[in-house]
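The values are calculated or read from the model by the stated rules, or taken from the named source; none is laboratory data. Predicted, not measured: the structure shown is a model, and the values here were computed from it. Cβ: placed from backbone, ideal geometry, glycine included. Neighbour counts: every protein chain shown.
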Amino acid sequence: MALKGNLRDFSTTQLLNLINLARKTGTLTIEDSNRTSRMSFREGKLIFAGLDQASGSLVHVLQRSGKLTTEQFQDLQKQSSKATDKELGIWLINMGVVSQNDIVQSVRQHILEIVYSLFTWNEGLFRFEANILPPPDRITVPINLESVIMEGSRRLKEWERLQDELPNLDISLRFTDRPDARLRNINLTVEEWRVVSFVNPRNSIRQIAKANNMSDFQIRRIVYGMLQAGLVELVRPDAAPAAGTTRPGTTAAGGEVDFAPPVEKRAPAVKRSIILRLIDRIRRI
């Protein structure tokens, strides 16, 4: 008999604790009004997670983790429909495109990001079905639930703080007149560079997150860090320049920040040439 309930009465943290302590094997499905998530466990360990209809295929997972170039991703998309994730993984390792560790770490991070996002769900129907596991062709990675629960709880507190700091994702960003950042020494992740490359008063934070396949938590954390570093500032809706009042490459104040095309017209891939141009332009501000 499946375990059923509502997150209003039994939180994600409590569910994971129960599965961990009882060393359960099976799949936990959580649904709210517009999202569906599935997590699978083997003897109390998390091994798989998926969210909505978003592709969790190996090709997409490796692309999002920065292990594949745009060209490799496009080529592999054509082949991935003819091979399972495990078959494709073996082929990629044998061809020297990625290592086994690259695959394991990318899949692990993909699983964790989905599960961490579930800690912020306040309501939704859940059901646990014993002994139901992912198809055998999917790559699974065993992860101890104790560490997941501890990190998820920490992120929940951080999430609540970030929501207070950045409650509205429909506002935009622009570079500060004098960025308080030493770009020669700054170390940014691939995800942070992607966000930086989209900074433009015409692109809302929500649009930037969508273009880069980021969750609300991920984009809030990155933007908050950029704000604290003095690299960017928020553009309030009433302060946004009206359409047609500024020429490309300038803001109303004349500063050169408008070098990224609108999100809907720009591919999210980040190339080194774009990053170099970005650094050069910011240095001249």
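Within region 184-203, if we keep just the residues that are within 18 Å of Leu166 (Cα to Cα) and free of Cβ contacts under 8 Å to residues at least 40 places away in the same chain, the residue that is surrounded by the fewest Cβ atoms within 10 Å (Cβ to Cβ) turns out to be Glu192. Looking across region 47-76, the residues that are aliphatic (A, V, I, L, M) and more than 15 Å from the chain's Cα centre (by Cα) come down to Ile47, Leu58, Val59, Leu68, Leu76. Just give me the residues in region 144-167 being touching a Lys or Arg at 6+ places or on another chain (Cβ under 8 Å), closer than 12 Å to Leu16 by Cα and among the aliphatic types (A, V, I, L, M), in sequence order. If the condition is that a residue be touching a Lys or Arg at 6+ places or on another chain (Cβ under 8 Å), closer than 12 Å to Leu16 by Cα and among the aliphatic types (A, V, I, L, M), then Leu145 is the only one that fits. Restricting attention to region 6-24 and to residues that are in contact with a helix residue (DSSP H, G or I) (Cβ under 9 Å, 6 or more places away or on another chain) and hydroxyl-bearing (Ser, Thr, Tyr), the residue that is farthest from Gly50 (Cα to Cα) turns out to be Thr13. For region 9-17, the criterion of being surrounded by 14 or more Cβ atoms within 10 Å (Cβ to Cβ), assigned by TED's automatic domain parsing to the domain that holds Gly124 and touching an Asp or Glu at 6+ places or on another chain (Cβ under 7 Å) is satisfied by no residue at all. Of the helices (runs of 4 or more DSSP H) lying entirely inside region 1-110, those carrying at least 2 residues that are closer than 23 Å to Glu146 by Cα are 12-21.
Checked against (1) among the polar types (S, T, N, Q); (2) modelled with pLDDT under 90; (3) more than 21 Å from Thr189 (Cβ to Cβ); (4) not in a loop (DSSP other than H, G, I, E, B), Ser153 meets all criteria but (2). Only residues that are crowded, with 20+ Cβ neighbours inside 10 Å, polar (S, T, N, Q) and closer than 16 Å to Val59 by Cβ were counted in region 83-135, giving 1. Has region 118-131 got any residue that is assigned by TED's automatic domain parsing to the domain that holds Ile19 and in a helix (DSSP H, G or I)? Yes, there is a match, as at least one residue in region 118-131 is assigned by TED's automatic domain parsing to the domain that holds Ile19 and in a helix (DSSP H, G or I).
Residues are listed down the side, and each one gets a yes or a no for (1) in contact (Cβ under 8 Å) with a residue 40 or more places away in the chain; (2) within 29 Å of Trp193 (Cβ to Cβ):
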{"site": "Gly5", "(1), (2)": "yes, no"}
{"site": "Leu16", "(1), (2)": "yes, no"}
{"site": "Thr27", "(1), (2)": "yes, no"}
{"site": "Arg35", "(1), (2)": "yes, yes"}
{"site": "Gly44", "(1), (2)": "yes, no"}
{"site": "Lys67", "(1), (2)": "no, yes"}
{"site": "Val97", "(1), (2)": "no, yes"}
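Residue by residue, here is whether (1) closer than 20 Å to Met214 by Cα; (2) acidic (Asp, Glu); (3) loosely packed, with under 15 Cβ neighbours inside 10 Å holds:
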{"position": "Leu28", "(1), (2), (3)": "no, no, no"}
{"position": "Ile47", "(1), (2), (3)": "no, no, no"}
{"position": "Gly56", "(1), (2), (3)": "yes, no, no"}
{"position": "Thr69", "(1), (2), (3)": "yes, no, yes"}
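Looking only at region 204-226, filter to residues that are of a type in the set (Gly, Ala, Ser) and surrounded by 17 or more Cβ atoms within 10 Å (Cβ to Cβ); which one of those is farthest from Pro167 (Cα to Cα)? Across region 204-226, the extreme among qualifying residues is Ala211.
Within the bounds of region 164-184, is there any residue that is assigned to a helix (DSSP H, G or I), more than 16 Å from the chain's Cα centre (by Cα) and at pLDDT below 95? Yes, there is a match, as at least one residue in region 164-184 is assigned to a helix (DSSP H, G or I), more than 16 Å from the chain's Cα centre (by Cα) and at pLDDT below 95.
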